[in-house]
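Before any comments, here is the structure.
Just so it is clear, none of the values below were taken in a lab; they were calculated from the coordinates. Quick caveat, the model's predicted, so the values are computed rather than measured. Cβ: placed from backbone, ideal geometry, glycine included. Neighbour counts: every protein chain shown.
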Amino acid sequence: MKSRILKILRSENKIVSGEELSAALKVSRVSVWKHIQSLQGSGYRIVAGPKGYRLENSPDALFAWEFAERQSNIHYFPETSSTMDIARDLARKGCPHYTIVIAGRQKKGRGRLSRIWLSSEGGLYFTLVLRPDIPAAHASRITFLASVVLAQTLRKLYDIDAKVKWPNDILVGGKKISGMLSEMEAEADMVSFINIGIGVNVNNDPSIKEPVATSLKKLKGKEFLRKELLSVFLDEFENRLNTKSFDDIISQWKQYTMTLNQPVKIVTYRDTYEGIAVDVDENGALILKLENGTLQKVVCGDCFQ
Ligand code: BTN
């Protein structure tokens with residue numbers, strides 16, 4: 001209902017009477033009024049006068065009703081521990097493919113290799129629950145697809161030179177603007193679910209605590225609508241998943257990477273390697289040429305360059 005009220009108020013862009021709204025939505029005027037009050041309580045500036053209602057301003061909040069046709073698959077929390085934890089519970093309970101868990105901020109935002117992901121107000125934090133019909137061995141292709149689509153979305157919407165750093169970080173001018181974390185469970189070698197958690201620094205400023213990080217606001221000197229970024233990304237990523245052509249993902253990823261042919265240090269849970277990043281294989285593993293000339297394949301780790 002809120003989604004439909006907002007759609008009408010936004011498209012009219014003038015005062016809309018209670019009668020018009022109740023006729024269009026086929027509910028009583030009292031019901032309309034209750035939803036308007038609830039929207040006002042959620043931060044929407046809706047002026048209510050004798051002639052009706054006018055929407056003056058919407059908050060950049062990521063309420064489920066802001067994503068009309070996806071609404072039933074969206075779980076929004078103004079604050080939570082980590083969207084990864086909620087998404088994992090939902091996935092284990094059988095939630096549908098393309099369920100999306102969004103947080104306004106996270107108290108225990110997680111990064112890769114047990115790091116903390118700073119998650120203050122203004123950033124975009126979400127986890128997607130995916131149930132692709134693919135073998136577990138190919139699961140990482142999905143996260144590489146997510147980083148390609150996110151880099152393309154950032155380039156298209158904000159005209160920034162977004163690059164991917166192995167495996168799934170997105171950097172602009174050498175500073176990190178987005179990170180990605182994935183968790184998977186499989187049954188009989190087929191993926192049961194892959195949860196992809198994405199953090200994008202939008203209107204927050206992580207550089208106070210993390211000098212090597214940046215945000216859209218820092219880069220462009222103004223604020224951006226997180227809901228626009230999220231909905232463009234969700235639409236494009238869903239389209240690309242539906243085409244099921246995952247074979248050329250790594251070659252697409254290579255178009256945007258800043259990692260290949262560079263000297264890198266790779267830190268894994270167990271080892272540290274230094275060498276030249278010579279290639280990424282069809283499942284996203286990094287091939288390093290070590291100083292002694294041997295090739296080393298690294299499936300998972302953190303890359304410093
Ligand atoms: C990294 O670069 O180390 C990965 C960062 C992933 C952060 C996102 S924010 C949404 C989701 N919830 C989390 O706790 N982490 C991921």
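Fully extended, how many nm does the chain gain between residue 192 and residue 24 (0.36 nm per residue separation, minus their Cα-Cα distance)? It would help to have the intermediate numbers written out before the result.
Numbers: separation 168, 0.36 × 168 = 60.48 nm, distance 4.20 nm.
Extra length available between residue 192 and residue 24 comes to 56.3 nm.
Between helix 139-158 and the chain, what is the angle of the helix's C-alpha long axis to the longest principal axis, kept within 0 to 90° and rounded to the nearest 10?
It works out to around 60 degrees.
How long, wide and thick is the stretch 263-304, going by the Cα atoms along their three principal axes, in whole angstroms, largest first?
Dimensions of the stretch 263-304 along the principal axes of its Cα atoms: 24, 22, 15 Å.
Express the relative contact order of the chain as a whole percentage, based on alpha carbon pairs under 8 Å and six or more residues apart in sequence.
Working: 576 pairs, mean separation 40.1, N = 305.
So the answer I get is 13 percent.
Over the stretch 25-100, one equal point on each Cα, no solvent: what is log10 I(q)/I(0) by the Debye formula at q = 0.11, 0.19 Å⁻¹?
Each listed q corresponds, in turn, to -0.42, -0.91.
Using helices alone, I'd like the mean residue ellipticity at 222 nm for the chain: each DSSP H run of four-plus residues gives -39500 (n - 2.57), total over residue count, nearest 500.
Numbers: 8 runs with 93 residues, N = 305.
After summing the helix terms and dividing by the residues of the chain, the value is -9500 deg cm²/dmol.
Under 1.5 on a/c is rounded, so check that first for the stretch 179-305, then, if it is not, pick prolate when a/b is larger than b/c and oblate when it is not; a ≥ b ≥ c are the square roots of the alpha carbon gyration tensor eigenvalues. All intermediate terms of the calculation are to be shown ahead of the outcome.
Working: a/c = 1.90, a/b = 1.21, b/c = 1.57.
Since a/c reaches 1.5 but b/c is at least a/b, the shape of the stretch 179-305 is classed as oblate.
Calculate, for residue 219 and residue 121, the FRET efficiency according to 1/(1 + (r/R0)^6) with r their C-beta to C-beta distance and R0 25 Å; round to the nearest 0.05. If you can, show how the numbers build up before the last one.
Values: r = 19 Å, r/R0 = 0.74.
Rounded to the nearest 0.05, the efficiency is 0.85.
Where does the Debye-calculated log10 I(q)/I(0) of the chain sit at q = 0.17 Å⁻¹, using only Cα point scatterers of equal weight, no solvent?
For the requested q values the scattering log ratios are -1.44.
Pick out, from 275, 239, 75, the residue whose Cα sits farthest towards the positive end of the charge dipole of the chain, with +1 on the Cβ of Lys and Arg and -1 on the Cβ of Asp and Glu.
Checked the options; the winner is 75.
What size of dipole, in debye to the nearest 20, comes out for the chain about its Cα centre when the only charges are +1 on Lys and Arg C-beta atoms and -1 on Asp and Glu C-beta atoms? Display every interim value, and only then the final one.
Details: 43 positive and 35 negative charges, 231 e Å.
The dipole of the chain has a size of about 1100 debye.
Can you divide the C-alpha Rg of the stretch 2-57 by 2.2 N^0.38 Å and report the result to two decimal places? Walk me through the intermediate numbers first.
Details: Rg = 9.8 Å, N = 56, 2.2 N^0.38 = 10.2 Å.
Normalised Rg, Cα atoms only: 0.96.
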